[in-house]
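The values are calculated or read from the model by the stated rules, or taken from the named source; none is laboratory data. Here the structure is a predicted model, which is why all the values come from computation and not from measurement. Cβ sites come from the backbone with ideal geometry, for glycine too, and all protein chains shown count toward neighbours. Surface accessibility is based on the protein's heavy atoms, side chains included, excluding ligands, DNA and RNA. Shrake-Rupley method; radii C 1.70, N 1.55, O 1.52, S 1.80 Å.
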Amino acid sequence: MSGFVAGSAVGVLTAAAVYYTYSTSFRVQTDSMVSDISALSAHLSAPQPPTGPTGAPRAYVPPSKPPLSELVKERWNDEVFGAVRKARDFRVEGLADAIGRLVGKAKEAVEGLGETNESGEQEGMGKEV
């Protein structure tokens with residue numbers, strides 16, 4: 001009976017410790033987020049001085065080259081989309097037909113190796129070993 005009481009007490013203490021840990025963690029994270037949001041709100045609500053030239057916009061703006069990272073991302077996306085397109089258009093029936101043709105040609109080649117001519121030599125293999 002004392003084991004039952006001790007086990008129950010340990011269970012209650014463990015549950016209390018877990019609850020306290022999680023509630024404290026949530027409270028600390030919530031307080032941190034509230035202070036961060038308050039600081040951002042104060043920063044965004046403060047009037048900002050205008051930036052850049054205040055004159056009329058230019059009539060011609062030369063095109064800018066995209067950075068190398070954008071070019072790499074674009075090329076990567078093209079390659080991934082191409083692979084996905086090929087996987088989507090992949091036909092299992094066509095693969096089975098190609099494998100069947102390949103196996104047929106392999107069998108013909110193996111049978112051709114085993115054929116002998118009139119002199120008793122194997123064709124394409126030289127003398128019999």
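Odds and ends about this structure:
- Per-atom-type breakdown for the range 1-83 gives carbon and sulfur 69% of the accessible area (1.4 Å probe, protein chains only).
- Surface analysis of the range 1-61 yields an accessible area of 92 Å² per residue, using protein heavy atoms and a 1.4 Å probe.
- Here's the picture: charge each Lys and Arg Cβ at +1 and each Asp and Glu Cβ at -1 in the range 1-107, and of Y20, A87, P62 the one pushed furthest to the positive end of that dipole is A87.
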